[in-house]
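Shown next, in structure tokens, is the structure this report addresses.
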């Protein structure tokens, strides 16, 4: 393939001249005819062969993680080819001004006319690169070179060339940042190699890739400090600092002289490694302290004209019009641009509070990143008056089955000039808000997979995340079909606290016929160091008939039976009501198989309910846990007590009868194997006088009776008036029962006004 005559230009000219009716209007663009025709990178779009199957496909070089091979078509008479490449986030606009900006380019080069391929080595890992190419004219005149291919010319987004490098191999975590102030923070350094926290495969990688000294320490000499791309002008006291033996023995250095409310990147490097991208250990970021201003009231307003996003990578006027019509229909105020502005603003310190007006609707039209801690809540005086704000994460355009839905997003895509370090976020708190996505659809609506939306998801190949906390207080959630909180990908994911209190979930899930989707809280475990369950608190909540996957999981986690000694989970699950929890399939509350030793599970005063009319044949699966091995010291600290159930069928009316399998007390692959007390503590009990669901609640049954073999969109929709229908009855049979006497379940349902039960509760 040394020469390929690019015939499309000639074809264009022939078609232009042959379509004339006479000499009038003859298309003769002399200037364009003097310009070299465009070439193209070889890709599936123009070869109909997948890049992996095409020996000349443009892709990551096999056997490497961060080398890319480029191949393009030759043009007869070319003087050479000019190529530019950049991190995708800097050039997805497709604008010449971005592709010509040296600050956004990763590199550019020129090759001769006989070169139709090029290999780029030692690129950044886990990075989405974009490439553009043009054909050079022999006369060297700018106006005679071809147009650029890959910037969005031609068929626009079909014509871009993007390749994402693979993730980096296992990289030891040897530094962390903490103890931040307005102008300083501490970098902690631990160069000791501890093989026990890695799998055998990871140990092999580390031995091959990283240098150890005679004392079994990783070799590092230099700390690098620089401002993050979000605040490139932030003050730095040094760019490189040479570590002293005392620094290494002390295990820390204090960096001072920084700007407040600014993000910094810290890297640690082994100068002996010749390839720069391979010379670093883990990268970290830290935001210095800042003082948030007074709470900001987001005044509700509905647009009076169509709004076009000036930063949209692919403008869609028709969709903008649809959003405008939806804004009018729902009287909804756009919210996501405000949060994105907050993420990028160096003037707004972390911890800012935003108030939404009660009885008003706000919405997002795109996924919204969470990169800084904030509080989003209904204006307190409106809450006191019984009024709450609604926030729709999309789901207001089109119809069920075609509506665009959105999520909050953890982390961020790797941007131009950024290092692949976890995004550190302080406290994120959602309070007194009703969240929904009204036109999201479930499996029963269409007979196909439902909307792929979550409350929050994570970029599969973006930067990692480290949260001080994520908290939900007195919120409601509807129409999140595929999951609630999902983490994914190979990057760091750490939540120091995840707290859900006084919340109500209903009309969610049912992504597939068997429920499907992801676990409610999916802590995908790509590394035994990732932990979103350091302190998981789920209290005073109700989940009503929302068929998803398991309640809690960290995935299959094969290979992680050897946990670090300081790695633990802590679950506090108390006073919750679970009604028809994931009844469509054999999913569980706890799905962990391999569990870190020394972890704690507190499970108290929870109420499990199975509810259906006598003539409703729906499946009522309900399973406890799958725990197959425990690492570390082999122990789990279990604190189970006073958990009860109410059912609707005869087999439910006995201790553990609410379970269809894998009950907590089982000694096989379950908590019973590891409990040293009375195994009956692990039972879900029915009490001395078992109650049916309809005896305990006013009207707990699903409003639609399921028909065998027929799926219906309302198969798992809650009662028509959930705040009245789920009230507990107050007759003697209920008030004398252990469920009532021991305050089991979500307390709101024994109150006269469940809707406003928690309005005056504040977050810890």
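The values are calculated or read from the model by the stated rules, or taken from the named source; none is laboratory data. Computed from a predicted structure; not experimentally measured. Neighbour counts are summed over all protein chains in view; Cβ atoms, including those assigned to glycine, are modelled from backbone coordinates with ideal geometry.
Being assigned to a strand (DSSP E or B) and touching a residue at least 60 places away in the same chain (Cβ under 8 Å) is the filter; apply it to the stretch 492-527 and report the residue that is nearest to the chain's Cα centre (by Cα).
Per the criteria, the residue is 493.
Can you tell me which condition residue 308 does not meet? The list is (1) in contact with a helix residue (DSSP H, G or I) (Cβ under 9 Å, 6 or more places away or on another chain); (2) in a loop (DSSP other than H, G, I, E, B); (3) closer than 26 Å to residue 353 by Cβ, and all the others hold.
Condition (3) is where residue 308 drops out.
For the subset of the stretch 210-237 comprising residues that are assigned to a strand (DSSP E or B) and under 30 Å from residue 262 (Cβ atoms), which member is nearest to the chain's Cα centre (by Cα)?
Within the stretch 210-237, the match that is nearest to the chain's Cα centre (by Cα) is 227.
Which of (1) outside any helix (DSSP H, G or I); (2) more than 25 Å from residue 423 (Cα to Cα) is the odd one out, the single condition residue 329 does not satisfy?
(1)
Hey, among the residues in the stretch 144-158 that are outside any loop (DSSP other than H, G, I, E, B) and at pLDDT 90 or above, which one's nearest to residue 133 (Cα to Cα)?
Filtering the stretch 144-158 for residues that are outside any loop (DSSP other than H, G, I, E, B) and at pLDDT 90 or above, the one nearest to residue 133 (Cα to Cα) comes out as 149.
Determine whether residue 85 is under 24 Å from residue 147 (Cα atoms), under 30 Å from the mean Cα position of the chain (by Cα) and not in a loop (DSSP other than H, G, I, E, B).
Yes; evaluated as a whole, the condition is true for this residue.
I'd like the residue in the stretch 92-105 that is over 19 Å from residue 146 (Cβ atoms) and in contact (Cβ under 8 Å) with a residue 24 or more places away in the chain and, out of all such residues, is surrounded by the most Cβ atoms within 10 Å (Cβ to Cβ).
This residue is 92.
Go through 247, 278 for me and flag whichever is touching a helix residue (DSSP H, G or I) at 6+ places or on another chain (Cβ under 9 Å) and more than 23 Å from residue 468 (Cα to Cα).
Answer to the selection: 278.
Residue under question is residue 190, and the condition is that it be in contact with a strand residue (DSSP E or B) (Cβ under 8 Å, 6 or more places away or on another chain), outside the structural domain of residue 88 (by TED's automatic domain parsing) and loosely packed, with under 13 Cβ neighbours inside 10 Å; does it hold?
No; evaluated as a whole, the condition is false for this residue.
All but one of (1) over 28 Å from residue 463 (Cβ atoms); (2) at pLDDT 95 or above hold for residue 85, so report the exception by its number.
(1)
Given (1) at pLDDT below 95; (2) under 30 Å from residue 322 (Cβ atoms); (3) surrounded by fewer than 20 Cβ atoms within 10 Å (Cβ to Cβ), where does residue 417 come up short, assuming only one miss?
So the condition that residue 417 fails would be (2).
Do you know which of the residues in the stretch 624-641 that are in a loop (DSSP other than H, G, I, E, B) and crowded, with 19+ Cβ neighbours inside 10 Å is modelled with the highest pLDDT?
Checking each candidate, the answer is 631.
Within the stretch 47-80, how many residues are in a loop (DSSP other than H, G, I, E, B), in contact (Cβ under 8 Å) with a residue 24 or more places away in the chain and at positive phi?
So the count comes out to 1.
Got a number for residues in the stretch 421-437 being surrounded by fewer than 23 Cβ atoms within 10 Å (Cβ to Cβ) and not in a strand (DSSP E or B)?
Selection size over the stretch 421-437: 1.
State whether the residues of the stretch 238-256 include one that is in a loop (DSSP other than H, G, I, E, B), touching a residue at least 60 places away in the same chain (Cβ under 8 Å), crowded, with 17+ Cβ neighbours inside 10 Å and outside the structural domain of residue 369 (by TED's automatic domain parsing).
no
Being within 22 Å of residue 738 (Cα to Cα), free of Cβ contacts under 8 Å to residues at least 60 places away in the same chain and not in a loop (DSSP other than H, G, I, E, B) is the filter here; which residues of the stretch 658-697 pass it?
Hits for the stretch 658-697 are 679, 680, 681, 682, 685, 692, 695.
Any residue that is within 23 Å of residue 754 (Cα to Cα) and surrounded by 22 or more Cβ atoms within 10 Å (Cβ to Cβ) - is there at least one of those in the stretch 368-375?
no
Taking the stated definitions as given, is residue 717 closer than 19 Å to residue 476 by Cα and either assigned to a loop (DSSP other than H, G, I, E, B) or in contact with a helix residue (DSSP H, G or I) (Cβ under 6 Å, 6 or more places away or on another chain) (or both)?
Criteria met by residue 717.
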